[in-house]
Structures are given as C-alpha cells and as structure tokens.
Amino acid sequence: MQIDTLILGAGAAGMMCAAHCEGRTLVIDHARAPGEKIRISGGGRCNFTNLYTAPENFLSANPHFCKSALGRYTQWDFIALVDAHGIAWHEKTLGQLFCDSSAKDIVAMLRSEMARAGADLWLHTSLQSLRHDGHAFHAVLKTQGARRNVTARNVVLATGGKSIPKMGATGLAYDIARQFGLAVTATRAGLVPFTFPDGRFADLAGVALPVRARVGAASFDEAMLFTHRGLSGPAMLQISSYWHEGEAIFVDLDPSGTLLDTLRRQRAQSGRHNLTTELARHLPARLVAALPTQTGLTLGGNLADQSDVALSQLCDTLSNWQLTPGGTEGYRTAEVTLGGIDTSGVSSKTMEAQTQPGLYVIGEALDVTGWLGGYNFQWAWASGAAAGRAISEKTRQV
Ligand code: FDA
C-alpha cells in the first residue's frame with residue numbers, strides 16, 4: 001500500500017497532525033481506541049488548553065524551540081475549533097479550560113476533523129519495522145494479526161512519552177529517532193507525586209491546603225495534598241518537573257505572607273486564645289496537630305505567652321518547611337515525560353528531522369514538557385498542526 005504520510009500514534013498530537021495533513025494519510029495505534037489520554041484527562045473533562053499559554057510554561061534543553069509552533073497554532077486557534085464543534089467549556093482556575101460535559105467530546109472532535117481531512121485510522125496496529133531506501137519509508141505493520149507493507153513519503157513520530165505504561169505508553173518514538181540519527185536526551189517522570197518511604201505523612205492523608213512550593217528558582221502557588229505515600233496536589237506536581245533526586249523542596253504554608261501580622265493582631269485583641277486553636281483558623285486542624293512531630297515546633301500556651309521573636313520563628317518555620325522526598329511515583333502515575341527526542345536535530349517550524357527528510361516528530365516524544373494546566377495538550381495541538389501544515393505544503397508541491 002502506497003500513501004503520503006504514516007502517522008505513528010493516534011494520541012493528541014497524532015490526531016491533530018492528521019487533521020491538518022493533505023494527501024493520503026494513515027494513522028496507526030496499538031491501542032483499542034484513539035486519544036485514550038485525552039479521554040481520562042482532567043478528571044474526564046480534559047483540560048484542553050490554557051488561556052495564558054506562553055513559551056515560559058515549558059521545560060526543554062532548548063527553551064526557544066517551542067516558540068514557533070506555539071505562535072502559529074495558539075490556544076485561541078484551538079478554542080475556535082472547540083467552539084466550531086459546539087463543545088461547551090469553562091475556565092476552572094489559572095486559565096485552565098475544561099469541557100463542560102466530557103473529554104470524549106474532544107476525542108470525537110478530533111476524529112471528525114481527521115475524517116474530514118480523509119485520514120484513515122487503524123487501531124490494534126503495531127509497527128514491526130521501518131526503513132528508508134533513499135526515496136521513501138517502508139513500514140511493516142501488524143494489524144489484526146496480519147502483516148501489511150506500507151510505503152510512505154513521510155513518517156510522523158507521535159507515540160508520546162513513557163508515562164503510564166498501563167495505558168500503552170512505549171519508547172517507540174525514541175527507538176525510531178535513534179535509528180534515524182536523532183539524539184534522545186535523558187528522560188524522567190514529570191508532573192508526578194513525591195514519595196517519602198518512611199510514610200511520615202500517612203496520618204495526614206487527605207489533608208489539602210494552598211501553599212507556595214519551591215525548588216531551585218521554580219515556585220508555584222497552588223494546592224498541596226498529603227497522601228499515604230507522600231505529597232501530591234498541583235503545587236507538588238508542578239515542582240516535581242523541576243526536582244532532581246536528592247534535592248530538597250521548600251513548602252511555604254503561609255503563601256499570602258499574612259500569618260505573622262494576623263497572630264500579632266490576635267494576640268493584642270484576644271491574648272487568652274490558645275495558639276494551636278488560633279493556628280487552626282488558618283491551617284487545617286489535622287496539620288496543626290501534627291506540626292510538632294512534622295516540623296519540631298513547640299506549640300504550647302496562649303497567644304499572650306508568645307513573644308515577637310517566638311511568633312516570628314514560628315512563621316519562619318511554617319514558611320520554609322524543608323523536605324527531601326525519597327523519590328516520585330515514577331512513570332506509573334506521571335502525567336508527562338521530561339526530556340525525550342533532542343530538539344536540536346528537529347526544525348522548530350516544521351518538526352522535520354534534520355537527519356532524515358520526511359521524518360517528523362511531534363508531541364510529548366520531543367524534549368518539550370509543559371506545566372500542569374492544559375499546556376501539554378496545547379503543545380500536542382501546536383506541534384501536530386505545524387507538522388501537518390508542513391506536510392500539506394510539501395504534498396501540494398509534488
Ligand atoms: P499521547 O500519549 O497522547 O499519544 C500517544 C499514542 O501513541 C497513544 O495513543 C499510544 O497508544 C500510541 N502508542 C504508543 N506507543 C505505541 C506503539 N509502540 N505502537 C503503536 N502505538 C503506540 N495534559 C493537558 O494539557 N491537560 C490535561 O488535563 C492532562 N491530563 C492528563 C492526565 C493524565 C492521567 C495523563 C497521563 C496525562 C495528562 N496530560 C494532560 C498530558 C497529556 O495527556 C499528554 O501530554 C499528551 O497526551 C501528549 O500527546 P501525544 O500525542 O504526544 O502522546
């Protein structure tokens with residue numbers, strides 16, 4: 001079978017690319033349905049983009065790489081597409097846009113855009129081998145138990161990263177990239193909960209509060225959640241992408257920075273109030289009760305018993321809680337994979353490999369990783385559209 005473009009992976013980026021590809025396109029995926037991560041994302045409502053998407057929201061060895069694609073297919077382009085399909089949405093927080101009804105609406109939208117572009121989709125299909133003979137790619141596919149030979153002028157790597165192997169994630173894109181001369185940077189789990197093997201937070205499991213979480217120069221003001229295994233919640237997921245094994249993280253339990261003034265005021269007005277009771281007005285009571293064991297703080301007496309120095313020390317400790325995680329939950333639960341196919345070998349405009357004309361790389365397989373909050377899907381849409389448009393231009397010229 002002879003086609004123009006073979007897209008490996010019917011996830012967010014692969015489907016978006018197919019929707020923009022002119023010519024004869026075949027998308028393959030070993031899963032039983034396309035866009036499985038879209039379907040489960042955002043608690044089933046898919047946080048499909050972020051109003052404030054900008055290159056600064058992405059991690060990569062080359063922070064400039066994402067600029068071109070993000071600038072040419074923006075969050076507003078995707079919102080216009082969602083609107084054109086009549087999918088209702090809302091902003092939840094921090095510019096994060098979610099479907100009102102179901103993430104399945106986004107998958108259905110992409111399927112219909114792919115069909116409109118004339119792309120075929122083969123599920124339960126895997127790649128057995130891929131080579132280039134100097135003119136075209138020759139792929140051997142295994143589909144529904146049968147072998148099929150496919151010749152294609154373009155091949156798009158859209159099989160994503162290593163996160164959540166249970167959902168079908170594999171390192172296929174990295175293997176093919178290496179085969180065709182592209183470098184692959186070290187990968188690790190990102191947007192992932194921290195673990196503390198000593199189980200020190202087990203009694204606090206379920207407690208959540210707003211914090212400022214910091215590691216190195218990165219800092220995020222979002223919610224933190226204690227779990228049986230450690231720390232999770234958006235603040236922890238965000239800084240996990242900046243964290244390296246053995247590093248300490250800093251948690252500010254008073255992100256608004258108002259606690260010291262409040263305690264001083266309360267001391268003046270109601271000095272006989274118990275310090276612990278007063279703290280429990282600002283922090284979850286279960287956390288306040290655990291603070292002595294967790295932080296070494298002594299929390300006895302009434303407010304009137306606390307000197308200025310004692311209150312300052314208390315607030316300092318609460319603002320600079322230093323913790324060294326044992327590790328993370330890894331690819332098993334990570335939302336994304338950091339690192340990946342080195343962008344230095346890929347055109348930021350077309351996503352085409354410099355080492356092999358006709359080979360394109362898009363989505364999470366590349367060394368481009370977004371923050372939590374719809375940024376990763378926006379990267380999948382933008383890089384998919386960039387490759388699809390470049391392939392269409394090339395196809396028109398033939
Ligand atoms: P993606 O993983 O979507 O697709 C890859 C496809 O390739 C899959 O269909 C897979 O089956 C297929 N494949 C893999 N190996 C193959 C092989 N060897 N042969 C054939 N097919 C193969 N982001 C965001 O912006 N907002 C959100 O709300 C969320 N929520 C979220 C929740 C959870 C639980 C996870 C795990 C992730 C998110 N994300 C997210 C991240 C987002 O899902 C992710 O960044 C994109 O799906 C990446 O798109 P890709 O198309 O690159 O890979």
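The values are calculated or read from the model by the stated rules, or taken from the named source; none is laboratory data. These numbers were taken from a predicted model, which means no experiment stands behind them. Note that each Cβ is placed from the backbone with ideal geometry, even for glycine, and that neighbours are counted across all protein chains shown. Accessible surface is based on the protein model in full, side chains and every heavy atom, while ligands, DNA and RNA are left aside. Shrake-Rupley method; radii C 1.70, N 1.55, O 1.52, S 1.80 Å.
Data overview
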quantity: Flag if Ala382 is within 16 Å of the ligand (Cβ to nearest atom), touching a strand residue (DSSP E or B) at 6+ places or on another chain (Cβ under 7 Å), closer than 26 Å to Gly95 by Cβ and open to solvent by less than 10 Å² (accessible area, probe 1.4 Å); calculated: no
quantity: Test: residue in segment 186-196 that is open to solvent by less than 10 Å² (accessible area, probe 1.4 Å), touching a residue at least 60 places away in the same chain (Cβ under 8 Å) and of a type in the set (Gly, Ala, Ser); calculated: yes
quantity: Leading residue by the ranking (surrounded by the most Cβ atoms within 10 Å (Cβ to Cβ)) among those in segment 1-43 that are among the small types (Gly, Ala, Ser) and more than 10 Å from the ligand (Cβ to nearest atom); calculated: Ala18
quantity: Inter-residue pairs, beta-carbon under 7 Å, first under 24 Å from Ala386 (Cβ atoms) and polar (S, T, N, Q) and in segment 150-175, second at pLDDT below 95 and near the ligand (Cβ under 10 Å from one of its atoms), 6+ apart; calculated: Thr159/Thr170; Ser163/Ala169
quantity: Some residue of segment 100-109 being farther than 21 Å from Gly43 by Cβ and either among the hydrophobic types (A, V, I, L, M, F, W, C) or out of contact with any Ser or Thr (no Cβ under 8 Å at 6 or more places or on another chain) (or both); calculated: no
quantity: Checklist (1) more than 24 Å from Tyr360 (Cα to Cα); (2) open to solvent by less than 10 Å² (accessible area, probe 1.4 Å); (3) under 26 Å from the mean Cα position of the chain (by Cα) applied to Arg214, failing item; calculated: (2)
quantity: Meets criteria (modelled with pLDDT of 95 or more and either in contact with a helix residue (DSSP H, G or I) (Cβ under 8 Å, 6 or more places away or on another chain) or crowded, with 22+ Cβ neighbours inside 10 Å (or both)) for Leu359; calculated: yes
quantity: Count - residues of segment 81-113 that are of a type in the set (A, V, I, L, M), within 13 Å of the ligand (Cβ to nearest atom) and over 25 Å from Pro234 (Cα atoms); calculated: 1
quantity: Residue satisfying all of: in segment 124-138; within 11 Å of Ile176 (Cα to Cα) and of a type in the set (A, V, I, L, M, F, W, C); most open to solvent (accessible area, probe 1.4 Å) among these; calculated: Leu127
quantity: Selection within segment 330-353 - over 14 Å from Thr369 (Cα atoms) and within 12 Å of the ligand (Cβ to nearest atom); calculated: Tyr331, Arg332, Thr333, Met351
quantity: Residues that are closer than 20 Å to Gly384 by Cα, within 11 Å of the ligand (Cβ to nearest atom) and touching a Ser or Thr at 6+ places or on another chain (Cβ under 7 Å), drawn from segment 114-149; calculated: Trp122
quantity: Out of Ala290, Ala304, Ala310, sole residue that is aliphatic (A, V, I, L, M), in contact with a helix residue (DSSP H, G or I) (Cβ under 7 Å, 6 or more places away or on another chain) and open to solvent by 30 Å² or more (accessible area, probe 1.4 Å); calculated: Ala304
quantity: So Gln144, is it surrounded by fewer than 21 Cβ atoms within 10 Å (Cβ to Cβ) and closer than 30 Å to Thr53 by Cα; calculated: no
quantity: Segment 152-185, residues that are near the ligand (Cβ under 10 Å from one of its atoms), of a type outside the set (Asp, Glu), open to solvent by 30 Å² or more (accessible area, probe 1.4 Å) and modelled with pLDDT of 95 or more; calculated: Thr159, Lys162, Leu172
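Results for (1) within 26 Å of Leu275 (Cα to Cα); (2) of a type outside the set (Phe, Trp, Tyr); (3) part of a loop (DSSP other than H, G, I, E, B); (4) open to solvent by less than 10 Å² (accessible area, probe 1.4 Å), shown as yes or no for each residue.
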site: Ser219; (1), (2), (3), (4): no, yes, no, no
site: Leu225; (1), (2), (3), (4): yes, yes, no, no
site: His228; (1), (2), (3), (4): no, yes, yes, no
site: Ala235; (1), (2), (3), (4): no, yes, no, yes
site: Glu245; (1), (2), (3), (4): no, yes, yes, no
site: Ser256; (1), (2), (3), (4): yes, yes, yes, no
